[in-house]
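What follows is a short report on a single structure.
Every number in this text was worked out from the coordinates using simple rules, so none of it is lab data. Worth saying up front: this structure is predicted, and the values here are computed from it rather than measured. Reconstructed Cβ throughout: ideal geometry from the backbone, glycine too, with neighbour counts over all protein chains shown.
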Ligand code: ADP
Ligand code: MG
């Protein structure tokens, strides 16, 4: 929980961010602040722009409008001679190192062991020496509860274990913000909790996380703020209990009624 009363610069700040695909406003004028050590859960119907929003943050999608600031400095773009221009590829690569992303589909290299999957990026992207990378790899695999699976290949691991390797892979790069895009949506139901437990552990350690999820109970327990998107816009935001149980807009009431989190009286109102 971020309980600081002093006004601090948010770690990450989105100001009027937009991303269009042709006529479609996938992300439409989104502003939000992410404080260091906070957990923000993004929820909303399919197609509402959650993934696109996450992808704009780590520059997998170039934004069409607005600005993104990290530690108070604009990222993705810079102002040159009074004009805003995209940063160079080299600068962009450096800026994206602040973010670690975990996807729905874990996409591990099938011919590498868990440890090799985790150590390859630090070695290639950051130039970490093999032994040092292995040390990091062992530490982060232990952190996700896979200390006894380091030499296993992905095909020898369950989906939940593979996703935990993918989380370890993100952690090995020591990002300042972890971005999760529906990390449990591709898993068999009985494997969801082991991944959520790892994520909860990261939250308890003070990791800054933005999480797109349909796991409403997890969002309620772990998030400092829940943000609901619809049609590219933020339509509800606030404390998890308020947003999930008694949102203010009819659209949000309908959505949370369908996922079963709405308070009884609100459910009647939403019908
Ligand atoms: P969500 O993650 O909330 O399901 P997305 O961010 O994936 O939503 O998508 C938001 C909207 O943008 C959808 O209508 C989707 O079809 C569209 N979209 C996403 N990526 C692309 C793309 N690369 N090209 C065209 N349309 C896209
Ligand atoms: Mg998505």
Point to revise | Test: residue in region 168-182 that is surrounded by fewer than 20 Cβ atoms within 10 Å (Cβ to Cβ), more than 16 Å from ligand 2 (Cβ to nearest atom) and under 13 Å from residue 107 (Cβ atoms) | key: no
Practice item. Collect the residues in region 252-271 that are in contact with a strand residue (DSSP E or B) (Cβ under 9 Å, 6 or more places away or on another chain) and either over 27 Å from residue 38 (Cβ atoms) or surrounded by fewer than 17 Cβ atoms within 10 Å (Cβ to Cβ) (or both), keeping them in residue-number order. Key: 259
Practice item. Given the conditions (1) surrounded by 21 or more Cβ atoms within 10 Å (Cβ to Cβ); (2) touching a strand residue (DSSP E or B) at 6+ places or on another chain (Cβ under 7 Å), report the number of the one that residue 141 does not fulfil. Key: (2)
Exercise for review: Determine whether region 118-130 contains at least one residue that is over 29 Å from residue 204 (Cα atoms), touching a residue at least 24 places away in the same chain (Cβ under 8 Å) and either out of contact with any helix residue (DSSP H, G or I) (no Cβ under 6 Å at 6 or more places or on another chain) or part of a loop (DSSP other than H, G, I, E, B) (or both).
Suggested key: no
Exercise for review: Give the residues of region 56-88 that are crowded, with 20+ Cβ neighbours inside 10 Å and within 11 Å of ligand 1 (Cβ to nearest atom), sorted by residue number.
Suggested key: 56
